[in-house]
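What follows is a set of notes on a single structure, which appears directly below.
The values are calculated or read from the model by the stated rules, or taken from the named source; none is laboratory data. Note that the coordinates shown come from a computational prediction; the quantities given were computed from them, not determined experimentally. Cβ coordinates were reconstructed from backbone atoms using ideal geometry, including for glycine residues, and neighbour counts include every protein chain displayed. Side chains included, ligands, DNA and RNA excluded: accessible areas come from the protein's heavy atoms. Shrake-Rupley method; radii C 1.70, N 1.55, O 1.52, S 1.80 Å.
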Amino acid sequence: MASSAPEQAGTSAETQPRQPIWLRCEKKPFEHRSALTPTTAKTLIDNNFEVFVERDPQRIFDDEEFEAVGCKLVPNNEWPSAPVEVPIIGLKELPESTDPLPHTHIQFAHCYKQQGGWADVLRRFREGKGTLYDLEFLEDPKTKRRVAAFGFHAGFAGAAAGALALAAQQKDGGKGVLKGLKPYKNEQAMVAEVSEALKTVQGGKENVKVLVIGALGRCGSGAVDLFRKAGLPEDNIVKWDMAETAKGGPFQEILDVDIFVNCIYLSQPIPKFITSEFMAQAGDARKLAVVVDVSCDTTNPHNPIPIYDVNTTFPEPTVEVDTKGVGRRCTVVSIDHLPTLLPREASEQFSKDLLPTILSLPQRTTEPVWTNAEKLFKQKLEEARVQDEKNGIKA
């Protein structure tokens, strides 16, 4: 039975006020993951949190799973009406709007690296006097590493999508196109399908060669793990990281494999890995047929893979590369929420890693993981204000 939103964020005066947190629904199409799971929600409740969960038929976890552990269910997309002191947690960015944002939001906002529309997003926070704690920038103050990331599952799922795209591409006389990716029940089901698909590739899986850039990171290790489990010979899995890319691209080695998986974290401008012109120059000697850009810096002005300009989707997972009419076809997978292909496993791992940080939310004015994130938010807020002034938009 659904509960209404709290009138006040707390409990009776006889007990310590509970810390409220509101899990919003996801509005991005085909996004099935969740920032909180029934497991982590129960831990929060056991530690004096009050957890509100919006009903969401798209979420991998049933509403009843949350209700069973003590969460209070509220209507879908009700968060704009939540008390302003209640932090709102979600995963993907909010739908485009000009509505001011007065709440505290914990989410991936994709607006700190001057991505498309970045200033518009931050303007909403400035006008609403809200706060953004971007999940991408919640970092352990000692290690400087993100406290939680979907990296491993992003790489794992991205590699799977790339392998399926390669197999599909060789159908229909080389005109085949991968269609309709859907979430898998579990990792085993994904690996089984990929393994079978690679058997249909010309020469079999023993003839498939792949290159993973960023192989030492969480994302890259996930991609390598998928290829191994799908049965590719170890020698066919080329693993690069910063040492190999230090010489600067474009890289001939990328053109010499069937599948290239980009798993880097782009924090500053770097030389391009490949370009359409570079691919065309290789002519018929180019082996490269599929690029998986897990990093998905599509609208980033420093994107090192400027051979495409749109994000792809689960219904339409690939986009064609303009090869200047030279050599074999090449397609790009550029889905920006790949881990949702394994929604339950990815959510459980991410939420478990995020849990210690969320447990410290009541101390967010003093805990470095939160204060550092807020400092960065204010810095980006000012950058957006300056950008608006340049564009003639009044603050």
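Remarks
- Karplus-derived 3J(HN,Hα), 6.51/-1.76/1.60, for each residue of the stretch 281-290, Hz, glycine and proline x: 4, 6, x, 5, 6, 6, 8, 3, 10, 9
- Angle between the chain longest axis and helix 187-199 axis [Cα atoms, degrees, rounded to 10]: 20 degrees
- Theoretical FRET efficiency, 1/(1+(r/R0)^6), r = Cβ-Cβ of GLU96 and ASN391, R0 22 Å, to 0.05: 0.80
- Cβ-derived FRET efficiency at R0 30 Å, ASP309 paired with THR365, nearest 0.05: 0.10
- The average projected area of the stretch 150-341, computed from the convex hull of its Cα atoms over all directions, is 9.7 nm².
- Within a Gaussian network of the chain (alpha carbon springs, distance under 10 Å), most fluctuating of LYS142, LYS182, LYS239: LYS142
- Computed over neighbours whose Cβ is under 10 Å from that of LYS92, the net charge equals -1, Lys and Arg +1, Asp and Glu -1.
- Per-residue HN-Hα couplings for the stretch 100-112 [Karplus 6.51, -1.76, 1.60; θ = phi - 60°; Hz; x = Gly/Pro]: x, 10, x, 7, 8, 10, 10, 5, 8, 9, 6, 9, 9
- Within the stretch 122-145, backbone nitrogen closer than 20 Å to the virtual label 7 Å beyond the Cα of LYS378 toward Cβ: 122-141
- Amide H to amide H distances under 5 Å link LEU73 with SER3, VAL53, where only residues 5 or more positions off or on other chains count and H is placed in the peptide plane.
- Solvent exposure of the chain as accessible area per residue, Å², 1.4 Å probe: 45 Å²
- Close amide H partners of VAL292, meaning residues 5 or more places away or on another chain with modelled amide H under 5 Å apart, are PHE260, VAL261, ASN262, VAL333.
- 5 angstrom amide H check on ILE89, placed H, neighbours 5+ away: TRP22, LEU23, ARG24, ILE106
- Theoretical FRET efficiency, 1/(1+(r/R0)^6), r = Cβ-Cβ of ARG328 and ARG228, R0 22 Å, to 0.05: 0.30
- Residues in the stretch 326-348 that a label on ASP284 would reach, taking backbone N under 11 Å of a point 7 Å out along Cα→Cβ: 327-328
- GNM flexibility winner over the chain from VAL238, VAL261, VAL210 (Cα, springs under 10 Å): VAL238
- The chain: most fluctuating residue of GLU382, GLU244, GLU348 per GNM, C-alpha cutoff 10 Å: GLU244
- For the stretch 139-153, 3J(HN,Hα) per residue [Karplus equation, 6.51 cos²θ - 1.76 cosθ + 1.60, θ = phi - 60°, Hz, x = Gly/Pro]: 10, 5, x, 8, 8, 6, 9, 4, 6, 8, 7, 8, x, 4, 5
- Neighbours of LEU381 by Cβ distance under 14 Å: Lys/Arg scored +1, Asp/Glu scored -1, total 0.
- ARG228 accessible area, assembled protein chains, probe 1.4 Å, Å²: 120 Å²
- For the chain, the longest principal axis of the Cα atoms and the long axis of helix 118-128 meet at an angle of about 0 degrees.
- Taking Cα atoms only, the orientation of helix 343-359 departs from the longest principal axis of the chain by about 40 degrees.
- Charged-residue dipole, Cβ positions (Lys, Arg, Asp, Glu), the chain about Cα centre, Debye nearest 20: 660 debye
- Partnerless Cys - the chain, beta-carbon criterion under 4.7 Å: CYS25, CYS71, CYS111, CYS296, CYS330
- By accessible area with a 1.4 Å probe, ligands and nucleic acids excluded, highest first: order of TYR112, TYR265: TYR265, TYR112
- Share of carbon and sulfur in the accessible area of the chain stands at 50%, probe radius 1.4 Å.
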